[in-house]
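Undergrad: I have a structure I would like to understand better, so I am pasting it below and will then ask my questions one at a time.
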Amino acid sequence: NLILMDISMPILDGFGATREIRALMKEKNVQQPMIVAVTSHTQQEYVLQAWKCGVDEMIGKPVQFEKLKVLILN
């Protein structure tokens, strides 16, 4: 029930993919997974855009395992 979403993908970026996942899960009436955006873009504009599309948390690249573990377990 966890998705690590890369924000910088070609064709469909992580923001669009997150919106599509959220809509599909809502349509099917199933539990929403936790979506953690993984990105090197941690500026405020990206954070706001991520939250608007349904991302639960963000983590910067390079991913530090301990930070990811804390995110997942809390």
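Undergrad: I need the calculated FRET efficiency for the pair residue 13 and residue 73, taking r as the beta carbon distance and R₀ as 22 Å, to the nearest 0.05.
TA: On the way: r = 28 Å, r/R0 = 1.26.
In this case the efficiency is close to 0.20.
Undergrad: Taking 0.36 nm per residue of separation and subtracting the Cα-Cα distance, what length does fully extending residue 4 through residue 66 add?
TA: 20.8 nm
Undergrad: Go ahead and set up a Gaussian network model of the chain, Cα springs under 10 Å, then flag whichever of 25, 34, 58 fluctuates most.
TA: Result for the chain, Cα springs under 10 Å: 25 fluctuates most.
Undergrad: In terms of the Cα gyration tensor, with a ≥ b ≥ c the square roots of its eigenvalues, is the chain rounded because a/c is under 1.5, prolate because a/b exceeds b/c, or oblate?
TA: Oblate.
Undergrad: Find how much the distance from residue 20 to residue 43 grows on full extension, using 0.36 nm per residue of separation minus their present alpha carbon separation; answer in nm with one decimal.
TA: Taking 0.36 nm per residue and subtracting the Cα distance, the gain is 5.9 nm.
Read-outs: derived from the displayed coordinates by stated rules, not from any lab. In this text, all values refer to a predicted model and were calculated from it rather than measured experimentally. Ideal geometry is used to build each Cβ from the backbone, glycine not excepted, and the neighbour counts take in all protein chains shown.
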